[in-house]
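J.: Dumping the structure here so I can ask a few things about it.
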Amino acid sequence: KDEDRVAIPSKATPVATTTITVTPSLGKILNGRIALKNAKTGAVLAPTQVLTPAKNGTATFTVPVSKLAEPILAEVLPTTAGILEYADEALEKVAKITVPVADANKPVLRAAASVTPNANIGVTALTESAVQQAEKAVGGLIAQNINQANAAVKNALNLNFNITQAPIVIGVGEFDKLVNAALDTQRRAYAAYLATLAKEAQRVSSTSATPAYDMARAFANDFAHDGSFNAVGSQTLAVNYNLSFINAWLNWVQNFY
């Protein structure tokens, strides 16, 4: 009889998950937070992680594979107290960015990308430039705009690597990583590029307390303004970033690669 039947619970199908690693670089991030979101909707994909010196500059998230069907957005945030500390490669010491506590959830750097399981995403001055450009396009942070902006930054700088790949992170006293042949060649090249960019920022603005961060802001402001690295932006910046500098920089990149 129907009333005598015992219901047998069905076993739920396990949700397939994967890891996504985020590797930010202004030099190694020592104190801050990393958030991982759906690029278009802003939906949080995993709990925000706190970066400490013990984390070695990276954060690894576990996310459902199904959540990777759309591009993701990785954000570098200050601590809840509004502080972000990083190993500035120009100064060769720890630099501190301080923002009001009310602004602690506003990102310092971002990267947007379509990713596959077990991806390792770099978040740098270049990816922030691409995010700001993609945001301005019709539709905002959708796959087409993100892919086009990432490619545009790469092509504008004549790079031979994807800007959303993870660079080797360089901490204070760790420049030997740049010549360590046991480490990935392209990741070292990306790290060398970023370190030299920070050094150039210090050269043109010797009084800056955060040259790597200042140059990241300058790059993003420049590229997002009109899709070109031409030293024409929309903000007054802390770093002496001008057309003479950017032309010399583009020539250096071309010769280097």
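J.: Determine the share of the range 118-257's accessible area contributed by carbon and sulfur atoms, expressed in whole percent, with a 1.4 angstrom probe. Present the calculation step by step, with values, prior to reporting the outcome.
T.: Values: 2890 of 6130 Å².
It is 47 percent, rounded to a whole number.
J.: With n ≥ 4 as the cut-off for DSSP H runs, can you work out [θ] at 222 nm for the chain, using -39500 (n - 2.57) per run divided by the number of residues, rounded to the nearest 500?
T.: -9500 deg cm²/dmol
J.: Something else now. Taking trypsin sites (Lys or Arg not before Pro) that fall in a DSSP loop and have at most 11 other Cβ atoms within 10 Å as cut points, what is the longest piece of the chain between them?
T.: On the way: sites that count: K1, R5, K11.
Answer - 12-257.
J.: What relative contact order, as a whole-number percentage, does the chain give when Cα pairs under 8 Å and 6 or more residues apart are counted? Can you show the working numbers first?
T.: Working: 546 pairs, mean separation 46.5, N = 257.
With pairs under 8 Å counted, the relative contact order is 18 percent.
J.: With a 1.4 Å probe and all protein chains left in place, how much accessible area per residue does the range 28-148 have, in Å²?
T.: 42 Å²
J.: Scanning the chain for helices, which whole DSSP H stretches are 18 Å or more long along the axis (Cα) and average 0.0 or more by Kyte-Doolittle? Spell out each step's value before the answer.
T.: Details: long enough: 143-156 (19 Å, -0.51); 185-204 (29 Å, -0.47); 211-226 (23 Å, -0.51); 243-256 (19 Å, 0.51).
Span-like helices, by this rule, are 243-256.
J.: Also, I was wondering about something else. Stretch A181-T80 to full length: gain in nm at 0.36 nm per residue minus the Cα-Cα span?
T.: 32.5 nm
J.: How much length would be gained if the chain were fully extended between T19 and I142, taking 0.36 nm per residue of separation minus their Cα-Cα distance, in nm to one decimal?
T.: The span from T19 to I142 would gain 42.1 nm if fully extended.
The values are calculated or read from the model by the stated rules, or taken from the named source; none is laboratory data. What you see is a predicted model, and the numbers here were worked out from it, not measured in a lab. Glycine gets a Cβ as well: all are built from the backbone with ideal geometry, and neighbour counts include every protein chain shown. The area values use the complete protein model at the heavy-atom level, side chains included, leaving out ligands, DNA and RNA. Shrake-Rupley method; radii C 1.70, N 1.55, O 1.52, S 1.80 Å.
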